[in-house]
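One structure is given below, encoded as structure tokens.
The values are calculated or read from the model by the stated rules, or taken from the named source; none is laboratory data. Everything numeric here is computed off the predicted structure, so don't read it as measured data. Cβ atoms come from the backbone with ideal geometry, glycine included; neighbour counts cover every protein chain shown.
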Amino acid sequence: VTANGDDGIKIDEGGNNTLNVNNSSLANNIGDGLDINSNDNSINLFGVTSSSNTENGLEIDGNRNALAIADSNFAGNGEDGIKIDEGGNNSLSVNNTTLANNIGDGLDIFSSYNNVNLYDTGVNANGNDGLAVNGNFNFINASNSVFTKNFGDGFDVNADDNIVSLLGVTSSSNTEDGLEIDGDRNIFTIVNSNFVNNGGLPIADQGFGNSVN
């Protein structure tokens with residue numbers, strides 16, 4: 001699905017759709033590679049490459065969508081690799097996937113009340129942060145994943161009241177901090193993780209009332 005004048009694939013009006021995309025390419029589209037702009041959809045991506053799109057590799061604008069992504073690649077997009085932009089209460093699972101060389105963030109959680117899980121995922125060499133949390137009250141779990149060589153922070157939490165679990169994570173060689181916390185009242189559980197060789201601090205807590213364990 002390539003070189004379209006808008007998005008590669010767009011679920012716009014209505015909801016309760018099921019979309020399965022396997023071993024496919026979404027590339028060089030003027031908009032997003034895939035845009036989910038309605039509610040209550042079930043999306044499964046396996047072996048998908050979403051690259052060199054003018055906007056995001058994947059943009060989620062609706063509510064209560066469930067997305068499962070495996071063995072995929074979101075790279076070289078003009079904005080973010082994946083962006084949860086508007087809406088909320090979305091569930092996103094990303095497994096054995098690469099988010100790399102995007103102009104913006106590898107993954108931007110811009111809205112609130114989402115549940116995001118990363119497993120065995122590489123978030124590398126993005127033009128801003130590897131993963132940015134700009135919404136509130138999100139649940140984020142990253143396991144056995146690597147955030148490296150991003151031009152901002154490896155992992156950046158800018159908002160409030162998020163719950164973040166990092167297990168077996170490496171955040172290294174990022175231009176700024178390994179983990180930066182700018183919001184307030186966030187709760188972090190960090191186990192067997194490394195924040196090394198970053199241009200700034202390993203962990204920089206610049207907010208109020210955060211818990212880092």
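Kindly indicate whether any position in the stretch 165-182 is under 16 Å from N101 (Cβ atoms) and outside any loop (DSSP other than H, G, I, E, B).
no
Might you check whether a residue that is modelled with pLDDT of 95 or more, over 11 Å from the mean Cα position of the chain (by Cα) and of a type in the set (F, W, Y) occurs anywhere in the stretch 114-134?
Checked against the condition, which is being modelled with pLDDT of 95 or more, over 11 Å from the mean Cα position of the chain (by Cα) and of a type in the set (F, W, Y), the stretch 114-134 yields at least one hit.
Those residues that are aliphatic (A, V, I, L, M) and part of a loop (DSSP other than H, G, I, E, B), I need them from the stretch 1-50; list them, please.
If the condition is that a residue be aliphatic (A, V, I, L, M) and part of a loop (DSSP other than H, G, I, E, B), then V1, A3, I30, V48 are the ones that fit.
Which one of these does N117 not meet: (1) assigned to a loop (DSSP other than H, G, I, E, B); (2) at negative phi?
With respect to (1) assigned to a loop (DSSP other than H, G, I, E, B); (2) at negative phi, N117 is out only on (1).
If you go through the stretch 176-192, how many residues are more than 19 Å from F137 (Cβ to Cβ), in contact with a Gly (Cβ under 7 Å, 6 or more places away or on another chain) and surrounded by fewer than 18 Cβ atoms within 10 Å (Cβ to Cβ)?
Within the stretch 176-192, residues that are more than 19 Å from F137 (Cβ to Cβ), in contact with a Gly (Cβ under 7 Å, 6 or more places away or on another chain) and surrounded by fewer than 18 Cβ atoms within 10 Å (Cβ to Cβ) number 1.
List the residue pairs whose Cβ atoms are under 6 Å apart, where the first residue sits in the stretch 115-131 and is under 13 Å from A142 (Cβ atoms), the second is polar (S, T, N, Q) and in a loop (DSSP other than H, G, I, E, B), and the two are 6 or more positions apart or on different chains.
Correct list of pairs: L118/S145; D120/N96; D120/N144; T121/T97; T121/S145; G130/N150.
Out of the residues in the stretch 149-175 that are among the hydroxyl-bearing types (S, T, Y) and surrounded by fewer than 21 Cβ atoms within 10 Å (Cβ to Cβ), which is nearest to I109 (Cα to Cα)?
Here the answer is S165.
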